[in-house]
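Visitor: If you scroll down you'll find the structure; I have some questions about it.
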Amino acid sequence: MGLKSRAKDNAGEREIAAVVRDLTGWDIKRRVRQHEGDSDLDGVPGWCAEVKRYATAASGDIREWYAQAARQATAEGKLPVLFYRRDRDEWRAVWPVAVGLAVQHGCMWSGYEWTCEGSVEAWAAVAADCEVKHD
């Protein structure tokens, strides 16, 4: 990955961390030192976050990125969430449509076909509700 691409990825991670922090009040930070299989963000309770920022994002890209988030989440025992943004567009979130079932039954519900996509605000409402119910 080139220097310009890494800088764009880092900026995207910082940007979405600030958005999620503002929406939830959680102490969200970009994970500076990432290893294969790590969440891109620290401080999202119960969730493993993958962040992508690209000029374009076809449905196949989104499916692949979500699969990456799901693999990472399974390894960490968390729920997957993909945050992505196309250039000159708003941030979007992809997460399991049945959060409660995903928590209870694990990977059965982690496939892309079992997701919903919405605004980061919509995901934050679901995540906050999930945190309250599982604390």
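Just so it is clear, none of the values below were taken in a lab; they were calculated from the coordinates. Computed from a prediction, not measured in an experiment: that's the story for all the values here. Here the Cβ positions follow ideal geometry from the backbone for every residue, glycine too, while neighbour counts run over all protein chains shown.
Visitor: By how many nm would the segment from Ala11 to Tyr54 lengthen if fully extended, with 0.36 nm per residue of separation less the alpha-carbon distance?
Guide: Values: separation 43, 0.36 × 43 = 15.48 nm, distance 1.17 nm.
Length gained between Ala11 and Tyr54: 14.3 nm.
Visitor: So, counting K/R as plus one and D/E as minus one, what does the shell of residues with Cβ under 12 Å around Ala69 add up to?
Guide: -1
Visitor: Taking the highest mean first, how do the peptides 17-23, 53-59 order by number of other beta carbon atoms within 10 angstrom per residue? Each step should come with its number before you reach the end.
Guide: Numbers: 17-23: 18.0, 53-59: 12.4.
Descending mean neighbour count gives 17-23, 53-59.
Visitor: For Ala18 paired with Asp38, estimate the spin-label separation in nm (one decimal), with each label point 7 Å from Cα along the Cα-to-Cβ line.
Guide: For the pair Ala18/Asp38, the computed spacing is 2.2 nm.
Visitor: Once both labels are modelled 7 Å past Cα along the beta-carbon direction, what's the Ala75-Glu90 spacing in nm?
Guide: Going from the Ala75 label point to the Glu90 one covers 3.3 nm.
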